[in-house]
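*Asks:* Supplied in C-alpha cells, the structure appears directly below.
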Amino acid sequence: QYDVQLQQGDIAVREGDIVTVAFRAKADRPRSLHLEAQTIGGNYPSIGLALDLALTKEWQRFTYTFTAKQVGARNQITFGVGQEVGTVALEAINITVAPSGARKPVAAAPVAKSGTTPFTGPLVTQL
C-alpha cells in the first residue's frame, strides 16, 4: 500500500480539531483502498484515521470525520492504492477542518492537482 499513494500534505490541523475527509471512489474490480491521516515524517503515525475501504466498480461516496490526536508539525491525508494491480478512480475529494469545539467546519480545502488548481477529478491511477 505504500508504493502508490495520493497524498494531500501540510494539512493545517491542531490537536482536538474535527477533520472530515469526503470523496468518491471506484475501481475496475472489487479491491481495497487504504485511507489514513498521519504526520509527515518519522514513522508516519496515524492522527486519528486509518482504515481499509472496499471499492467496487460503481462510484461510492465516502465521508469520514475524526478528532485529530497526536498531530505533528506537518500532517497529511494519504490514499494508498498499491495493495493490488488495477485501476482506481477518485473524485470530489474534500478535506475540512473545524477547530476543537466548533459546531461545523470553518474552511474547506479541496485537494488540488497542483498548488493552484482545484482538483475536480476524476483522478485515475492504473497499476
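The values are calculated or read from the model by the stated rules, or taken from the named source; none is laboratory data. This one's a predicted model, so the numbers in the text were calculated from it and none came from an experiment. When we count neighbours, we look across all protein chains shown, and the Cβ atoms used for this are built from the backbone with ideal geometry, even at glycine. We work out accessible area using only protein heavy atoms, side chains counted, and drop any ligands, DNA or RNA first. Shrake-Rupley method; radii C 1.70, N 1.55, O 1.52, S 1.80 Å.
*Asks:* Considering only residues that are within 17 Å of residue 66 (Cα to Cα) and over 12 Å from the mean Cα position of the chain (by Cα), which ones fall in the range 36-45?
*Replies:* Result: 39, 45.
*Asks:* Only one of 124, 111 is under 12 Å from the mean Cα position of the chain (by Cα), closer than 20 Å to residue 4 by Cβ, of a type outside the set (S, T, N, Q) and modelled with pLDDT under 90. Can you tell me which?
*Replies:* Going through 124, 111 in turn, just one is under 12 Å from the mean Cα position of the chain (by Cα), closer than 20 Å to residue 4 by Cβ, of a type outside the set (S, T, N, Q) and modelled with pLDDT under 90: 111.
*Asks:* Another one. How do the pairs read when you match residues in the range 21-35 that are closer than 7 Å to residue 55 by Cα with residues anywhere that are hydroxyl-bearing (Ser, Thr, Tyr), using Cβ under 6 Å and keeping only pairs 6 or more apart or on different chains?
*Replies:* Final answer for the pair search is 30/56.
*Asks:* I need the full set of residues from the range 64-75 which are without any contact (Cβ under 8 Å) to a residue 60 or more places away in the chain and either part of a loop (DSSP other than H, G, I, E, B) or open to solvent by 80 Å² or more (accessible area, probe 1.4 Å) (or both), in order please.
*Replies:* 65, 68, 69, 70, 71, 72, 73
*Asks:* Looking only at the range 76-88, filter to residues that are more than 17 Å from residue 8 (Cβ to Cβ) and either among the charged types (D, E, K, R) or not in a loop (DSSP other than H, G, I, E, B) (or both); which one of those is modelled with the highest pLDDT?
*Replies:* Here the residue is 87.
*Asks:* Go through the range 15-35 and give me each residue that's under 11 Å from the mean Cα position of the chain (by Cα) and of a type in the set (S, T, N, Q).
*Replies:* 20
*Asks:* Could you please find all residues in the range 2-49 being open to solvent by less than 60 Å² (accessible area, probe 1.4 Å), in a loop (DSSP other than H, G, I, E, B) and of a type outside the set (A, V, I, L, M, F, W, C)?
*Replies:* 9, 16, 17, 41, 45
*Asks:* Please state which of the following conditions residue 52 fails to meet, knowing it meets all the rest: (1) touching a Ser or Thr at 6+ places or on another chain (Cβ under 6 Å); (2) in a strand (DSSP E or B); (3) open to solvent by 20 Å² or more (accessible area, probe 1.4 Å); (4) under 16 Å from residue 11 (Cβ atoms).
*Replies:* All conditions pass for residue 52, except number (4).
*Asks:* Does the range 1-24 hold any residues that are out of contact with any Leu (no Cβ under 8 Å at 6 or more places or on another chain) and under 13 Å from residue 97 (Cβ atoms), and which are they?
*Replies:* Matches in the range 1-24: 8, 10, 11, 12, 13, 14, 15, 16, 17, 18, 20, 22.
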